[in-house]
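Derivation of every value follows stated rules applied to the coordinates shown; laboratory data play no part. These figures come from a predicted structure and were not determined experimentally. Because the Cβ atoms are built from the backbone with ideal geometry, glycine has one as well, and the counts that use them run over all protein chains shown.
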Amino acid sequence: MSTLRFHALRETLNRKPVIIEEKVRRSELFGQHVFNENTMRQYLTKEAYNSVMDAIDNGSKINRSIANQISASMKDWAISKGATHYTHWFQPLTGATAEKHDAFFETIGGGNAIEKFGGGELVQQEPDASSFPNGGIRNTFEARGYTAWDPTSPAFILGTTLCIPTVFVAYTGEALDYKTPLLRALQSVDQAATAVAKYFDKNVTKVNATLGWEQEYFLIDSALAKSRPDIIQAGRTLLGHAAAKGQQLDDHYFGSIPSRVISYMRDLETQCMLLGIPVKTRHNEVAPNQFELAPIFEEANLAVDHNSLLMDVMERVADRHNFKVLLHEKPFAGVNGSGKHNNWSLSTNTGVNLLSPGKTPMRNLEFLTFFINTIKAVNDNEELLRAAIASASNDHRLGANEAPPAIVSVFIGSQLTEVLDALENVTKGKISPKEMTDLKLNVVGKIPEILLDNTDRNRTSPFAFTGNKFEFRAVGSTANCANPMTVLNAIMAKQLQEFKIEVDQLIKEKGMKKDDAIFNVLREYIKASKNIRFEGNGYGEEWEKEAKKRGLSNNKTTPEALKAKVSKKAIDLYESLGIMNKVEVEARHEIEIEEYTMRIQIESRTLGDIARNHIVPTAIKYQNILIENVRGLKEIYGNNFQKVAKEQLIIIESISSHIEKINKGVSDMIEARKKANKLNSIEKKAFSYCDKVKPYFEDIRYHCDKLELLVDDELWPLTKYRELLFTR
Ligand code: ADP
Ligand code: MG
């Protein structure tokens, strides 16, 4: 009998929900572990407070003596909350968050010690940069990179450690993390959007990108998770026959949340409250044991930090509840995968959501301006946007048999389609007073504040307008949102810059009125970006054909998709906006393509191991039992044994045939790996892993899964799908 599997099942069946008592209202808990505005007002001198606020609002520098004041207050506050250590908290390109803890504690001679945290330690720290991927920017032996405080994201306490959000850069200046280019992209979009928003309201001085992510995840019992080498090594199941009942009845989505899970969620939400992550929504998702958590949206940099922090906290809290969180995009074949919808918009310091229609024609013209510019930006950069969400794990969703497709398109709904159709016919050049009145009254003025399509959304679209924001749905559940947010805000910044230049030109050179000029440019944008608009079924085969005709990209695999990242167009875009230079862009490409290879390599090795060392021996064991049985029957029935042993003989042969195919598959796969490993170019290697190694997975899995159906359940070593998905 397979001991690990049955031991794990026994453990799981004995679990009780962890009791979570919520004695304090959540609004009271909110932000208690955050050095936020409120806390700063209490702890900082007026001078220091103003200096931090100025850094947040205007990006101004904080001088050293003020930094000393801030760090001292931060330390007092953190110690009052039980903290003993501090760390710079950053997001290296490994995808996880990184920390290096130092104690506040310091000796001062004479056998005495104090708690100390100086401005220098707040502002800059030197982690061992050699252990983080850098895409060849620095030689590892130099290992010179440093982290620097990002005051726009407040410090927080996790456990007993004060965490200070930072950027991570090489001494030579190149960004080594996700945050640095994101901050630069957000600054670009702020400048470009503010300039355009000023056409409509002179009081606008700042535009923030906003992000509300929706985190999907699976929860399975930790003992069951540990019983599966593939989940431990690769974060997903590499084999396993589908359970008889999966998600076909849709009963999970509408069902009540299981009690152990509810305890987990309440615990997690409490932690989120303390950390100032404004989580609001929780519910079951489509697949069994799949759930979702979503916050109230925030300024994009903070929202990105909060999502990274959340993924970390989710795992920590899961430990207490004997759960394992699976953030992988596709942990189980045959049931839904997990995504992380990125709801995105732009919001002014005057409180206007630029992607929300309003009450007046003027406000709606502003809305249309930003709305149409977004469509144009996506149209012109669809391939780069696709590259921003490429990863080995997300490939299972995009372009596989699951939505959204690898083709980027924009859904806007029928009401706005009508509006754009009407605007397409606006007269070229100066617009007569009659036409302008008509436009304002009957087209722009008719856009309702709340759009009907908001409820009637197209769930198959990777980039959908949902009433007052765009929802980028193709982002994977494991992703750091910084990557897609950097691209989206960068292409929007570039687009808005171009728009401003074009409008100003019409005003100056053609003597047009501002509104005339705006309508003229928008009309051309609508025409130019028709290809990206698609209102139909994004999952259908017809769309693939149609998209091809339209010239849209359909990059189904990561190595293919990532090419767009280092195209001349992409590098020009980043360089012109000052977001990344060529070296930084190429380094990131290198890191991502290498990560892809390593992921497939790990999966391939794990699969080979499980197939050969777990499945095949088990199948042989069972086959031996059958052989023993047949031998016994022969003893009893003599030459007539074949009749009674008929079924056993069939199974014996079928086991042999599956074993043969598994063995051949694994041997060939290893050969393919060896060939791939010999390639010198990292890109060629990735393609080789993608096109030559990965294709073996399916065939090996097929035969293993067939054996699962043949072999005695008592002997089967791997915890089965029905157990993983339905025990809790
Ligand atoms: P659902 O998609 O479940 O119907 P909503 O449409 O209300 O829910 O919102 C989904 C997500 O979109 C939430 O995380 C929410 O905070 C976020 N969101 C709402 N408005 C904006 C906005 N202006 N900018 C960014 N995100 C937003
Ligand atoms: Mg959504």
For residue 430, which lysines qualify as cross-link partners when the Cα separation must be under 25 Å and same-chain residues fewer than eight apart are set aside?
198, 202, 376, 440, 446, 500, 508, 510, 513, 514, 527, 530
The helix 179-197 Cα axis meets the longest alpha-carbon principal axis of the chain at an angle in degrees, between 0 and 90 and rounded to 10, of 40
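Could you give the size of the charge dipole of segment 292-387 about its Cα centre, using +1 on the Cβ of each K and R and -1 on the Cβ of each D and E, expressed in debye and rounded to the nearest 20?
Values: 9 positive and 12 negative charges, 51 e Å.
In total the dipole reaches around 240 debye.
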Residues of segment 348-384 with backbone nitrogen within less than 19 Å of a virtual label 7 Å along the Cα-to-Cβ line of residue 449, please, listed as ranges.
348, 350-368
Find the Rg to Rh ratio for segment 522-679, where Rh is the Kirkwood radius over alpha-carbon pairs and Rg uses the same atoms.
1.28
Counting other beta carbons within 10 Å of each residue's own, what order do 543, 213 fall into, fewest first?
543, 213
Projecting each Cα onto the charge dipole of the chain (Lys/Arg +1, Asp/Glu -1 at the beta carbon, about the Cα centre), which of 153, 491, 197 comes out farthest on the positive side?
491
Exposed GluC sites (Glu not before Pro) absent - longest run of the chain, DSSP non-H/G/I/E/B, at most 10 other C-beta within 10 Å:
22-713
To the nearest 20 debye, segment 31-175 has a Cα-centred charge dipole, built from +1 on Lys and Arg Cβ and -1 on Asp and Glu Cβ, of 120
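Grab the Cα-Cα distance for residue 509 and residue 319, subtract it from 0.36 nm times how many residues apart they are, and report the gain in nm with one decimal.
61.8 nm
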Any idea what angle helix 541-550 forms with the longest principal axis of the chain, computed on alpha-carbon atoms, 0 to 90 degrees, nearest 10?
40
Extending each Cα 7 Å along its Cβ direction at residue 422 and residue 56, get the distance between those two points in nm, one decimal.
4.2
Rounded to 10°, Cα long-axis angle of helix 568-577 versus longest principal axis of the chain
50
Options 327, 297, 531, ranked by Cα towards positive dipole end of the chain, top entry (Cβ charges):
531
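Taking the Cα centre of the chain as the origin, how large is its charge dipole in debye, to the nearest 20, when only Lys and Arg (+1) and Asp and Glu (-1) carry charge on their Cβ atoms?
Working: 93 positive and 94 negative charges, 127 e Å.
So the dipole magnitude of the chain works out to roughly 620 debye.
Say R0 is 22 Å: what FRET efficiency, to the nearest 0.05, do residue 21 and residue 80 get from their beta-carbon distance? Mind dumping the intermediate values first?
On the way: r = 24 Å, r/R0 = 1.08.
Here the calculated transfer efficiency is 0.40.
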Measuring from label point to label point, each 7 Å out along Cα→Cβ, what is the residue 602 to residue 556 span in nm?
2.5
Calculate the FRET efficiency for residue 14 and residue 102 from the Cβ-Cβ distance with a Förster distance of 45 Å, rounded to the nearest 0.05.
0.65
Using Stokes-Einstein with the Kirkwood hydrodynamic radius over Cα pairs, what translational diffusion coefficient do you get for the chain at 25 °C and a viscosity of 0.890 mPa s, in µm²/s rounded to a whole number?
87
Given backbone amide H placed at 1.01 Å from N, residues whose amide H is under 5 Å from that of residue 323, ignoring those fewer than 5 places away on the same chain, are 222
What FRET efficiency do you get for residue 722 and residue 299 if R0 is 60 Å and r is their Cβ-Cβ distance, rounded to the nearest 0.05?
0.85
For the residue pair residue 414 and residue 259, what label-to-label distance in nm results when each label sits 7 Å from Cα along the Cα-to-beta-carbon direction?
4.7
Take the cross-link list 565/685; 324/678; 563/692 and give me the ones stretching past 28 Å between alpha-carbons.
324/678
